[in-house]
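See structure below.
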Amino acid sequence: MVSAFELVWLKELGYSPRLDACAVCARGLPVPSPEPTRVAYSPEAGGAVCPDCHSAARDRRPLSDPARLALIALAGGTSDARGPSALSPQVRTEVRAVLGQTVSYVLGRRPRLLGYVDGG
């Protein structure tokens, strides 16, 4: 899966996204629950951002709990044994968007092949 490769690439470059706590204030993030937790993601901040720090992250985008859990699993190498196909299309699309934004931020530009990887 391309997303797993991107997470390894980011880790090797020292840009592993912070997913366990707020990348701005370092406080713990709300535990994923059936109710939306209003966590955002910001490549500039370095990962997930708590609701209190949203205004500090100009490039933030909403991050659903299923996508955050998928990113944590991929980053930890503990993705579902059934592979990427186990993710719903919506979660897979969100994970691709978050990682595409992060790779573009690290490179300082959008990679030319990212459109092919993202499907358009």
Residues of the stretch 1-25 being of a type outside the set (A, V, I, L, M, F, W, C) and closer than 18 Å to Leu87 by Cα, in sequence order, are Ser3, Glu6
Within the stretch 45-71, the residues that are buried (at least 16 other Cβ atoms within 10 Å of the Cβ) and among the charged types (D, E, K, R) are Arg60, Asp65, Arg68
Practice problem: Might you let me know whether the stretch 32-41 holds any residue that is modelled with pLDDT of 90 or more and in a loop (DSSP other than H, G, I, E, B)? | Solution: yes
In the set Ser85, Ser104, the lone residue that is among the polar types (S, T, N, Q), modelled with pLDDT of 75 or more and in a helix (DSSP H, G or I) is Ser104
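What do you reckon, is Leu74 surrounded by 15 or more Cβ atoms within 10 Å (Cβ to Cβ), within 17 Å of Leu10 (Cβ to Cβ) and modelled with pLDDT under 90?
Judged against the criteria, Leu74 is a match.
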Flagged in the stretch 47-74 as assigned to a loop (DSSP other than H, G, I, E, B), hydrophobic (A, V, I, L, M, F, W, C) and more than 19 Å from Leu7 (Cβ to Cβ), in numbering order, are Cys50, Ala57
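Matching residues to (1) within 19 Å of Gln90 (Cα to Cα); (2) over 14 Å from the mean Cα position of the chain (by Cα); (3) free of Cβ contacts under 8 Å to residues at least 24 places away in the same chain:
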site: Glu12; (1), (2), (3): no, yes, yes
site: Ser16; (1), (2), (3): no, no, no
site: Ala23; (1), (2), (3): no, no, no
site: Pro30; (1), (2), (3): no, yes, yes
site: Val39; (1), (2), (3): yes, no, no
site: Ser55; (1), (2), (3): no, yes, yes
site: Arg58; (1), (2), (3): no, yes, yes
Task: Any chance Val95 is surrounded by 19 or more Cβ atoms within 10 Å (Cβ to Cβ), touching a strand residue (DSSP E or B) at 6+ places or on another chain (Cβ under 8 Å) and at pLDDT below 95 - done: no
Is there a residue being more than 13 Å from Leu99 (Cα to Cα) and not aliphatic (A, V, I, L, M) anywhere in the stretch 40-48? no
Practice item. State yes or no: is Glu6 of a type outside the set (A, V, I, L, M) and without any contact (Cβ under 8 Å) to a residue 24 or more places away in the chain? Key: no
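The values are calculated or read from the model by the stated rules, or taken from the named source; none is laboratory data. Values in this document were obtained by computation on a predicted structure and should not be read as measured data. Neighbour counts run over all protein chains shown; Cβ positions are idealised from the backbone, glycine included.
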